[in-house]
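Okay, structure first, notes after.
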Amino acid sequence: MFSPKHYDQTGEVTQRVAISSLKLAKNGDQITGAKGIYALAPDGSNQVVYTAVKVALTANGGSGKQAFPENQLVISTGSQDMVVTKVKVTKKATLLTPVHQGRGVASNSHMVRVDIYRNAKGYAGVPLYPADFKQAALPNRVITARKPHDQWQLVTANDAFICALYPDDSVHIERQHPIRLKYPDGHTDEVTSLDCYFGKINISNNSVTFKAHDGSYVIQEVALSSLDTLQLYQQDYLGNRHLVRSKRRADKTSAMVKTR
């Protein structure tokens, strides 16, 4: 669970994490934990703890597990010792669910699918989570890069529904600007047309991860709106692929289960 105390002003939430989970970047500039950043507070209120944590991490190769094997840091503060086991990290948040009567927020769990539309700016996606299927209507906001959820653009009547993408769906993509492929031996290639699998979408910057059909290379992340063509295919047990032509958005009775 996260604290939403400063979310409206900064777009960030805070979370208390075990100090053994912290890591110091190789350049020694940044401390991270649970995908958040542990930083010196603007008012310096955590100066003593922050400095002690950084010194311990630096002395142990940047590893919190090595620096704090018992998840404890003892700091002498005058007449008494202070035992630190957790610190607050901050992270950017976009899509959150209120919990504990609004006293906290939680990140949505795994994304079930992404509903793809096409508008004047290109392809756009509406991410769907388990909690969305308990609501009276499905969400209708498309991912808008670097914007909080309440500022995402709304789907309009002029936006054409293209398909619903689930993880590992077979797709065909095309882009005029070449897409980079990276192979295990280090060499790269560039293509403008590719058959692959849908992996995931990043709701903070609207970038999509696609996967090679055989895992032989890594596909560069691409902005969803930058694609010229995105087609969903159904693949049978013999490996034959058939284009899926969706005319309307899947309703909630079938949304939680991939029926293709």
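Against the empirical curve 2.2 N^0.38 Å, the C-alpha radius of gyration of region 168-255 lands at a ratio of 1.17.
In this label model, K35 and V84 are separated by 2.5 nm, measuring between points 7 Å along each Cα→Cβ vector.
Taking the square root of 5 times each eigenvalue of the Cα gyration tensor, what semi-axes in Å does the equivalent ellipsoid of region 120-216 have, largest first?
Details: eigenvalues 164, 47, 35 Å².
With the √(5λ) rule applied to region 120-216, the semi-axes are 29, 15, 13 Å.
Both the radius of gyration and Dmax for region 110-163 are 11.0, 31 Å, in that order, over alpha-carbon atoms.
How fast does region 7-92 diffuse by Stokes-Einstein, in µm²/s, taking the Kirkwood radius from C-alpha pairs at 37 °C and 0.692 mPa s?
The estimated diffusion coefficient comes to 249 µm²/s.
Exposure proxy for R113, R141, R248, R146: other Cβ atoms within 10 Å of each Cβ, ordered fewest to most, give R248, R146, R141, R113. You can think of it this way: the chain between A145 and E190 has 13.7 nm of extra reach, that is 0.36 nm per residue less the Cα-Cα gap. Just grab the label-to-label distance for Q153 and R118, each label 7 Å out from Cα along the Cβ direction, in nm (one decimal). With each label point 7 Å from Cα toward Cβ, the separation is 1.5 nm.
Each reported figure results from applying straightforward, stated rules to the coordinates on display, with no laboratory input. All values reported here derive from a predicted model rather than from experimental measurement. Every residue, glycine among them, receives a Cβ derived from its backbone with ideal geometry; neighbour counts consider all protein chains shown.
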